[in-house]
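Peer 1: The following block contains the structure, expressed as structure tokens.
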Amino acid sequence: MNGKSVYENELIKLSNLKAVRNQSKSHVSIQYLFRTYWDTFFAEFKHKLRPTIIKNVEAMIACKDLSKGYLFYECTSCDNYHLTGLSCHSRFCPSCGHKYRDERSIEIQKKLLNVPHRHFVFSVPFDMRPYFWKCRQLFDCLFQTVNQALTMSIRHSKRDHQTDVRLGFISFLHTSGRPLNLHPHLHVLLAEQTIDKTGKSKPMFFFPFERLRKTFMYLLLTNVSKCLKLFAAKSLYHDFNKLRTKLIKQYQNGFYVNGPKISEENTFYSSKKIADYISRYASHPPIAESNILSLDEETHQVTWVYTPHEDPAHPIKITEPVFSFIRKLIRHIHDYRFHQLRYYGFYANRSLRSAHKVKMVSAISIHIAQSRLKWRILLLKTFKFDPLICYCGSKMVLNLKHSYLNHNKEYISDA
């Protein structure tokens, strides 16, 4: 009666009900897994859990739970209504993480100058990786080291130091590999251009990789040693100094640094793709829910799969106890106010050197992309239905009087 589009919208909405989706999908959601086992896991390992882990996991479990709060939308033409549960805003939540990822990606694209960019990866050797979990201040140390190494690689003369020549780059920390192992490494999106304090810009196409690898190794070993001396136990500090001597002999060519050129044929889409990639792990757990194949609640075993870099054609399937799987996920939750994404050089937030340079993405395009991050548009884009279109054809409106916000006013503006 009210048109084909209203009928199709209502049909798709019913097909996307949570109960229907749970029956049709084969994989297990992270929220369901934690709702089932978190209380038992928490009771056993409470003394080992950092406060930020508890906060993020419990927020994720309560995400969209109507008992924690909801927004009430009512139809002005009939008695129909719609309840929307409040988002948890946790980076550990796969559902809320999509919006956060898109927001971070847009913020990155807003910074990019209209010049070629390069994608660097700085990796920590295997023997050093456990120290980052025993002393979490080392993650800050890794950011600082990469900044120092890249800055030293472009300043070759006294004039470079006097004019304060700087690169512009965006660093993002990944702490896990595909098999959920401990693998801290930095992805860096770097503009192939330098800008000095007078505003003069100069193309920067050549990077001395041999020198950069050795500089990165020397600075990282030095900075990690200083950091452990300040923040870690003496035994850990002495153990690392022994390892430091071994690593210098073992890695005579320096630590792993890779910086391939981004395709110049389509610079915008290539840079956007990398911006999406490096911001992805800031917004959700280190595994996609589609990779969790099954959960056996009788034997308490979870089966999941990952695709190794070495042989993408042959995925590896792993079956392990649920508690072991949960530990692998939560150890990658960072402390409160820790920033995985950081801007350096003329891309730094306080820097004005790139303010008047031509941007890769126009302000209008950025505004349009930001306007599409409304929850209603995201639902329409993901699930192909509009939650606020009533079956009578009218548009529902928000009624704050009948909404339950659970004394959390930040959700009012988010609506």
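Peer 1: Starting from the stretch 237-262, take each residue that is closer than 13 Å to SER225 by Cβ and without any contact (Cβ under 8 Å) to a residue 40 or more places away in the chain and list its partners that are in a helix (DSSP H, G or I) and among the small types (Gly, Ala, Ser), counting only C-beta distances under 8 angstrom and pairs at least six apart or across chains.
Peer 2: Once the first residue is closer than 13 Å to SER225 by Cβ and without any contact (Cβ under 8 Å) to a residue 40 or more places away in the chain and sits in the stretch 237-262, its partners that are in a helix (DSSP H, G or I) and among the small types (Gly, Ala, Ser) give TYR237/SER225; ASN241/SER225; ARG244/SER225.
Peer 1: Please go through the stretch 160-192 and give me each residue that is over 20 Å from the mean Cα position of the chain (by Cα) and surrounded by fewer than 20 Cβ atoms within 10 Å (Cβ to Cβ), ordered by number.
Peer 2: ASP160, HIS161, GLN162, THR163, ASP164, GLU192
Peer 1: Can you name every one of the helices (runs of 4 or more DSSP H) wholly within the stretch 1-94 that holds 3 or more residues which are touching a Leu at 6+ places or on another chain (Cβ under 7 Å)?
Peer 2: Per the criteria, no element qualifies.
Peer 1: Hey, does the stretch 100-111 have a residue that's in contact with a Leu (Cβ under 7 Å, 6 or more places away or on another chain), surrounded by 17 or more Cβ atoms within 10 Å (Cβ to Cβ), charged (D, E, K, R) and closer than 24 Å to ALA348 by Cα?
Peer 2: yes
Peer 1: Further, regarding this structure: Which of the helices (runs of 4 or more DSSP H) found entirely inside the stretch 127-181 contain at least 1 residues meeting this: acidic (Asp, Glu) and assigned by TED's automatic domain parsing to the domain that holds LEU230?
Peer 2: Here the list reads 138-154, 158-162.
Peer 1: Is there a residue in the stretch 208-218 that is assigned to a strand (DSSP E or B), surrounded by 18 or more Cβ atoms within 10 Å (Cβ to Cβ) and modelled with pLDDT of 90 or more?
Peer 2: Taking every residue of the stretch 208-218 in turn, none turns out to be assigned to a strand (DSSP E or B), surrounded by 18 or more Cβ atoms within 10 Å (Cβ to Cβ) and modelled with pLDDT of 90 or more.
Peer 1: Still on this structure, I have one more. Starting from residues that are surrounded by 11 or more Cβ atoms within 10 Å (Cβ to Cβ) and under 30 Å from LEU295 (Cβ atoms), keep the ones in the stretch 1-23 and report whichever is modelled with the highest pLDDT.
Peer 2: Restricting to residues being surrounded by 11 or more Cβ atoms within 10 Å (Cβ to Cβ) and under 30 Å from LEU295 (Cβ atoms), the top hit is ILE12.
The values are calculated or read from the model by the stated rules, or taken from the named source; none is laboratory data. This one's a predicted model, so the numbers in the text were calculated from it and none came from an experiment. Every residue, glycine as well, gets a Cβ built from its backbone with ideal geometry; the counts of neighbours run over all protein chains shown.
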